[in-house]
């Protein structure tokens, strides 16, 4: 009698929810799946109401229970994969095929085979556990939608835990306890309001989750369920050994354990993380001999490197050796892009790996957090705010992405991975250790960069001192010239002498004034303001007025009318330097071409300066081309043109790269930011 009331209340709740769903205007697949799930729950509640069906059978009860479980597996599979567009797509998912086949198999075995019922109970125990596992994955990876999913997880979690306990108990004693069956209606009736709240909250059910083997194997629910079943088996064995039987006290204890299982569903991440740290700190030895590791790192960083490329590679090797990894990249962030400044036996990043690095850089710019992509696949909730596709990460061979900061700004990231069989897990110990190593390596890199800047400043200071002496000498020469001109007025009666003298002095005066102006302008460093610059106008002026006297004459073409953000005068000097250098490096019968087009990088314009000249070696490009005061023109050049061009392009958020082959020519590629109002 009392059980009929519970099942009647549950049926009434499901009927109300069913009618409410019919009033929803949306006619999508999500509504149909919810209608199917609620309708099966309604049938299930009605079939065990003895006011309607006086003599329900166990087979009938188990059949409707299987139908109810299948309907929720179908709905959860659709939510996990965001596949509410097509029923065949849902049914073709591995999760649906594997999980959904169990309740169907239970029905078939029940009606078509003479197997004992405890095997059916075992299948239902597994199905209840699968539902709990799917709910844990849904909750752990729902991110910002967790608030909306919680009522659904509470409803299905509570009823699935009760099903798990009921069928686990039935498997042990080989029959369904009537007390469990009687209580089940009330539990469903009490939890139905949560299902109603879930339907009201959810505007979009799909969350597009990637489910990997690691997520399943690391599920806390599997661990808790295993402990629960083990305790049940041990208690059952002890009771049987002592000649006793199951009683109400034992059932209450097992129900209490099931409550713990439900709590673990919501607190699994905190419980697991705290437990792991506690066990690791108190019961396991450290992974490293830190004294030896620190000495090894100190010795590695103590090598006397001559240039920044060697410094970057030494820093990357120090990080990789700290965790016994053999491959990696060191990437330096430069506003809208990053540059690979060191490579340790790693392939050049393809589109997939470049996307991973870009997303990791965006995350590290917001949060100073070490990234373990293996951990991200298992526990993405540990990296809240990182916008990265789990399927993309699953195809990526990178593991650790370690941020490096300078004055609280992201300097760059180190990417570490390995092909070795031993792969480290970024637990509390390794995280603390890597933070200490990163601090040491960061100081090493930033110290060398600061030393390089100081050295360059010293060179410029010397150049400025030299310029001051030159300007002083030029002024003295000019004074003498002026004096000669003044005295020459006294000899105007000698026409031939006077004419020659005046002509020579005037030419010398004009030349000295020009040299003096150039040196003075180079000495004075003024603040350059950015403005909207038309590349076609600037390049036409440079080609037709500044470079017209040299051969070969440059050929210019443009495929865009976009304006760039730069200082017109400074940009004109950069173009003049690069184009005139290309002309000087190319024979008169060769070619120099300038093309302007939209870059593949968003927000950028690309300028290519292509010549068929003598070209350059890779060693020259890497070590000399952009090194200040290093010139191949002897006394005719100062060696600061290419350096100044690269510095200015990067200063305004652009990029300057070079491709060259000896005796075939060179291509200078400039990326400049598009002007935006």
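Readers should treat all values here as calculations from the given coordinates under stated rules, not as data from a laboratory. The structure presented is a predicted model; accordingly, all values stated were derived computationally and were not measured. Quick reminder, even Gly has a Cβ in these numbers, built from the backbone with ideal geometry, and neighbours come from all protein chains shown.
Quick notes
- For the stretch 393-427 and the stretch 92-106, distance of Cα centres in Å: 38 Å
- Ranked by how many other Cβ atoms sit within 10 Å of their own Cβ, fewest first, the residues 133, 29, 115 fall in the order 115, 29, 133.
- Put in order of Cβ neighbour count within 10 Å, fewest first, the listed residues 146, 291, 327 become 291, 146, 327.
- By the beta-carbon count within 10 Å of each Cβ, the least crowded to most crowded order of 94, 452, fewest first, is 94, 452.
- The stretch 553-608 and the stretch 308-332: distance between their alpha carbon centers, rounded to Å: 36 Å
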